[in-house]
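As structure tokens, the structure follows; a few thoughts come after it.
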């Protein structure tokens, strides 16, 4: 099967692309990045494309058997409206453009990545946009599989690795909130393997699956497990959420927009995924945190 992975140079795409290649598929990465400066798996092809430019998407998708939407905007979840880097424009608008282009190009199959907690009446706008993405995919007439991932970690993530970065030069790890946020963290490699399997599994057609790791852990437990994998011990210094929101309300105007109040809410969500349907359909293992950390 010939598969186009939109956003193949990002955190999600770099796990999905090799998983598809290992499964025997021919893969083309669609990205705004320059492959010379941001190389992809050498077994994959590359084509330029921008999901915010619908007119430039149809031709690159012609001849594809499937499209995988792994697009995320830079520094997500820190939105930057001035640069057009928002959940509404990139996640929702980009997905709509990609779905419509796939349909126009005659691509029969689409794999979308949503988010745990997506709902029409969700508390946060990014989850409401994710739900709208899902509805657009489901109403497209394409054969689809949609995954709702929980909190994702891996070699190139900017969340768990940030905590480990602090351990290099601080005697403590700053943690937003009380550290009791509960998650079932998902290893990005497991996401890649499930996406690859979905393309050859008829029982995954026209279905939506929640996907997360096999353990429900608090944020403190996640950080301590990661530190142990690096052979480090650090004191966890908890920062009240209200205080960090005050800091973020100022930081959002700093160069590079390092933090926003909405990003604090994103960090403190409890995106626990129910994996019962996933496991029953795919039968693939989900990797415990400590085991996954030992792989990179």
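Numerical summary
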read-out	value
Test: residue in the range 77-100 that is free of Cβ contacts under 8 Å to residues at least 12 places away in the same chain, touching a strand residue (DSSP E or B) at 6+ places or on another chain (Cβ under 9 Å) and either in a loop (DSSP other than H, G, I, E, B) or within 21 Å of residue 200 (Cα to Cα) (or both)	no
Which listed residue is at pLDDT below 95 and either more than 18 Å from the chain's Cα centre (by Cα) or under 29 Å from residue 84 (Cβ atoms) (or both), from 290, 241	241
When residues of the range 36-49 are limited to those that are outside any strand (DSSP E or B) and touching a residue at least 12 places away in the same chain (Cβ under 8 Å), the one surrounded by the most Cβ atoms within 10 Å (Cβ to Cβ)	49
Residues of the range 230-252 that turn out to be out of contact with any helix residue (DSSP H, G or I) (no Cβ under 9 Å at 6 or more places or on another chain) and either surrounded by fewer than 13 Cβ atoms within 10 Å (Cβ to Cβ) or not in a helix (DSSP H, G or I) (or both), as a count	7
Residue count, the range 4-20 (criterion: without any contact (Cβ under 8 Å) to a residue 60 or more places away in the chain and within 10 Å of the chain's Cα centre (by Cα))	1
Sole residue being in contact (Cβ under 8 Å) with a residue 40 or more places away in the chain and not in a helix (DSSP H, G or I), chosen from 274, 262	274
Qualifying residue in the range 189-212 (condition: on the phi > 0 side of the Ramachandran plot and in contact (Cβ under 8 Å) with a residue 40 or more places away in the chain)	yes
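The values are calculated or read from the model by the stated rules, or taken from the named source; none is laboratory data. All values reported here derive from a predicted model rather than from experimental measurement. Note that each Cβ is placed from the backbone with ideal geometry, even for glycine, and that neighbours are counted across all protein chains shown.
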